[in-house]
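Notes follow the structure.
The values are calculated or read from the model by the stated rules, or taken from the named source; none is laboratory data. Here the structure is a predicted model, which is why all the values come from computation and not from measurement. For neighbour counting, all protein chains shown are included, and Cβ atoms are generated from backbone atoms with ideal geometry for every residue, glycine included. Surface accessibility is based on the protein's heavy atoms, side chains included, excluding ligands, DNA and RNA. Shrake-Rupley method; radii C 1.70, N 1.55, O 1.52, S 1.80 Å.
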Amino acid sequence: AQTVTQSQPEMSVQEAETVTLSCTYDTSESDYYLFWYKQPPSRQMILVIRQEAYKQQNATENRFSVNFQKAAKSFSLKISDSQLGDAAMYFCAYRRYQGGSEKLVFGKGTKLTVNP
Amino acid sequence: EPEVTQTPSHQVTQMGQEVILRCVPISNHLYFYWYRQILGQKVEFLVSFYNNEISEKSEIFDDQFSVERPDGSNFTLKIRSTKLEDSAMYFCASSEDKGGTDTQYFGPGTRLTVL
């Protein structure tokens with residue numbers, strides 16, 4: 001079974017600085033998708049960024065980028081120019097590319113605090 | 001921008017009562033999901049639904065749970081006889097197609113409190 005591990009329960013960053021959140025995963029599949037979701041205090045799950053495993057190029061979305069290391073099964077999220085609104089729980093998630101299951105498997109999350 | 005909606009936002013019920021959580025997925029989406037998140041824990045998959053039947057369900061999704069798409073827009077999760085441990089945030093999600101590049105978009109969640 002696939003597992004997702006986020007080893008940093010909490011992180012903090014100064015406003016305008018850069019922070020990196022770590023995620024590792026375990027799978028025997030070669031094709032899959034990885035996601036970062038943000039959960040602010042409202043508890044809604046908001047997609048931040050998505051990476052297809054078959055793509056070597058790291059995904060970027062404005063101030064958010066990933067460092068995808070397929071061989072190492074690592075998928076970290078970098079937030080540049082951190083803003084107060086970035087404060088939230090961040091969940092890393094895995095999904096198989098094909099097969100009978102399209103479910104997301106989540107890590108336990110990292111709580112990000114942004115200090116003014 | 002289309003979004004997944006869920007009602008109610010907060011449901012309080014007595015142990016043993018039945019509850020129905022409602023979701024309206026994004027209109028052109030074909031795959032529907034329920035997840036739950038017990039306070040302070042990670043989000044867990046409950047069930048996926050496609051073409052009016054369950055595609056996959058987790059161990060959590062026992063006989064007390066059921067899902068239904070009663071019409072062309074709603075997707076419901078029923079808990080037949082609630083237990084204290086069912087207290088959680090329940091998220092509905094939908095995606096446009098199976099596999100491929102399809103992202104699951106989440107609703108705002110329903111907080112279920114079982115007393």
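Where residues in region B:90-105 are open to solvent by less than 10 Å² (accessible area, probe 1.4 Å) and within 13 Å of the chain's Cα centre (by Cα), which of them is modelled with the lowest pLDDT? Result: B:GLN104. The set of residues in region A:34-46 being of a type in the set (Phe, Trp, Tyr) and more than 8 Å from chain B (Cβ to nearest Cβ) consists of A:TRP36 alone. In region B:52-89, of all residues being without any contact (Cβ under 8 Å) to a residue 12 or more places away in the chain and within 11 Å of chain A (Cβ to nearest Cβ), the one that is least open to solvent (accessible area, probe 1.4 Å) corresponds to B:GLU56.
So in region B:29-51, with the set limited to residues that are assigned to a loop (DSSP other than H, G, I, E, B) and open to solvent by less than 20 Å² (accessible area, probe 1.4 Å), which one is farthest from B:TYR105 (Cα to Cα)? Among residues in region B:29-51 that are assigned to a loop (DSSP other than H, G, I, E, B) and open to solvent by less than 20 Å² (accessible area, probe 1.4 Å), the one farthest from B:TYR105 (Cα to Cα) is B:VAL43. Against the test of being among the aromatic types (Phe, Trp, Tyr) and either on the phi > 0 side of the Ramachandran plot or at pLDDT below 95 (or both), the options A:TYR25, A:TYR32 yield a single qualifying residue, A:TYR32. Annotation: B:VAL12 fulfils all but one of (1) among the hydrophobic types (A, V, I, L, M, F, W, C); (2) open to solvent by 70 Å² or more (accessible area, probe 1.4 Å); (3) assigned to a loop (DSSP other than H, G, I, E, B); the unmet one is (3). Applying the criterion of at least 2 residues that are open to solvent by 10 Å² or more (accessible area, probe 1.4 Å) and aromatic (Phe, Trp, Tyr) to the strands (runs of 3 or more DSSP E) found wholly in region A:30-116 leaves A:64-69.
Pairs meeting the criteria (first residue in region A:28-47 and within 18 Å of A:GLN6 (Cβ to Cβ) and without any contact (Cβ under 8 Å) to a residue 24 or more places away in the chain, second residue small (Gly, Ala, Ser) and open to solvent by less than 30 Å² (accessible area, probe 1.4 Å), beta carbons under 8 Å, at least 6 apart or on different chains) are A:ARG43/B:GLY109.
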